[in-house]
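Undergrad: Quick one: this structure, given as structure tokens, is what I'll be asking you about.
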Amino acid sequence: MDKKDLRSGNKQRKRDHGSLIMAYVITSECIKCSLCYDICPASAIIEGDEQFIITESCIDCGKCVEVCPIDAIRVVKNK
């Protein structure tokens, strides 16, 4: 993922899943439709100035990724 996709306040939240580090990131492509915000069972998505932001309380369910109409939410996997 390019750094240009990340805006200030949209930190990559990382969680250890065995040897894999996973993070969900909402990119600058976000159109603020609020579908991710509405579907999040952990209320882990907040509204930022220009896009929604995934917070530390994310439970990695992936529902936001599935519902995003423009694929603006990315799963970043690092070893």
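Undergrad: Residue under question is residue 57, and the condition is that it be at pLDDT 95 or above and among the small types (Gly, Ala, Ser); does it hold? Show your work before the answer.
TA: Numbers: at pLDDT 95 or above: no; among the small types (Gly, Ala, Ser): yes.
So residue 57 does not fit the description; no.
Undergrad: Here is a further query. Hey, can you tell me all the residues within region 57-67 that are more than 10 Å from the chain's Cα centre (by Cα) and either in a loop (DSSP other than H, G, I, E, B) or crowded, with 19+ Cβ neighbours inside 10 Å (or both)?
TA: 57, 59, 61, listed by residue number.
Undergrad: Residues of region 30-49 being touching a Cys at 6+ places or on another chain (Cβ under 9 Å) and either surrounded by 13 or more Cβ atoms within 10 Å (Cβ to Cβ) or at pLDDT below 95 (or both), which ones?
TA: Correct list: 30, 33, 35, 36, 37, 39, 40, 42, 44, 45, 48.
Undergrad: Here's a follow-up. I'm trying to understand the selection: among the residues of region 20-79, which are touching a helix residue (DSSP H, G or I) at 6+ places or on another chain (Cβ under 9 Å) and at positive phi?
TA: 43, 71
Undergrad: Search region 36-58 for residues that are closer than 16 Å to residue 74 by Cβ and pair each with any residue that is of a type in the set (Lys, Arg) and at pLDDT below 95 when their beta-carbon atoms are under 7 Å apart and the residues are at least 6 apart or on different chains.
TA: 51/7; 54/13; 58/13
The values are calculated or read from the model by the stated rules, or taken from the named source; none is laboratory data. Note that the structure is predicted; figures quoted are calculated from it, not measured. Cβ: placed from backbone, ideal geometry, glycine included. Neighbour counts: every protein chain shown.
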